[in-house]
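S.K.: Structure provided below as structure tokens; questions to follow.
The values are calculated or read from the model by the stated rules, or taken from the named source; none is laboratory data. As the structure is a prediction and not an experimental result, all values here were calculated from the model. Cβ placement follows ideal geometry from the backbone for every residue including glycine, while neighbour counts extend to all protein chains displayed.
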């Protein structure tokens, strides 16, 4: 004689369905509440969805790059895969930091994102950078952001 489970197969399907439904609903709600769709655009307003980015947004609006570059131009690598992989990675860690309350009062760029931004500077200002780098071999470790840290955000 087979033993019957407490819920039976119908009950198990019901519990599983309710669980999947609740998790899906929570995911859809969170995506909507966090304005998730906006992060798939190039609109700089998406970067300022969080209050800690308001100062950077205001600085960009006053800065010299506002008419030639948006956030993604400087803060994501070129190409669709690199761009969205970076956005996903940063989005995950930003969400984690805000959910757990573990973020610094003044935001700080990570090493990886610093390299992405540095590469963007070099890409857009290649002619100028080539000239500077040819005269600075003794200071090869100097980056654009060493001297121009506030350029994009005042």
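S.K.: Do we find a residue being at positive phi, surrounded by fewer than 15 Cβ atoms within 10 Å (Cβ to Cβ) and free of Cβ contacts under 8 Å to residues at least 40 places away in the same chain anywhere in segment 24-34? Break it down stepwise before answering.
M.R.: Kept after step one, since they are at positive phi, are these residues of segment 24-34: none.
No, the conditions are met nowhere in segment 24-34.
S.K.: A follow-up question, please. From 122, 129, 116, which residue is part of a helix (DSSP H, G or I), modelled with pLDDT of 85 or more, over 24 Å from residue 57 (Cβ atoms) and in contact with a helix residue (DSSP H, G or I) (Cβ under 7 Å, 6 or more places away or on another chain)? Explain how you work it out, then say what you get.
M.R.: Working: 129 fails: modelled with pLDDT of 85 or more; 116 fails: over 24 Å from residue 57 (Cβ atoms).
Result of the check over 122, 129, 116: 122.
S.K.: Please tell me if residue 50 is over 22 Å from residue 125 (Cβ atoms), touching a helix residue (DSSP H, G or I) at 6+ places or on another chain (Cβ under 9 Å) and either surrounded by 15 or more Cβ atoms within 10 Å (Cβ to Cβ) or modelled with pLDDT of 85 or more (or both).
M.R.: Spelling it out, residue 50 is indeed over 22 Å from residue 125 (Cβ atoms), touching a helix residue (DSSP H, G or I) at 6+ places or on another chain (Cβ under 9 Å) and either surrounded by 15 or more Cβ atoms within 10 Å (Cβ to Cβ) or modelled with pLDDT of 85 or more (or both).
S.K.: Exactly one condition in (1) surrounded by 13 or more Cβ atoms within 10 Å (Cβ to Cβ); (2) touching a residue at least 12 places away in the same chain (Cβ under 8 Å); (3) out of contact with any helix residue (DSSP H, G or I) (no Cβ under 9 Å at 6 or more places or on another chain) is false for residue 64; which is it?
M.R.: Here residue 64 meets the rest and fails (1).
S.K.: Still on this structure, please answer the following. Consider residue 108 against the criteria (1) within 30 Å of residue 27 (Cβ to Cβ); (2) in contact with a helix residue (DSSP H, G or I) (Cβ under 7 Å, 6 or more places away or on another chain); (3) not in a helix (DSSP H, G or I): it satisfies all of them except one. Which criterion is unmet?
M.R.: Residue 108 satisfies every listed condition except (2).
S.K.: Still on this structure, I have one more. Here are some residues: 87, 35, 83. Which one is modelled with pLDDT under 85 and touching a helix residue (DSSP H, G or I) at 6+ places or on another chain (Cβ under 8 Å)?
M.R.: Details: 87 fails: modelled with pLDDT under 85; 83 fails: modelled with pLDDT under 85.
None of the others qualify; the one that does is 35.
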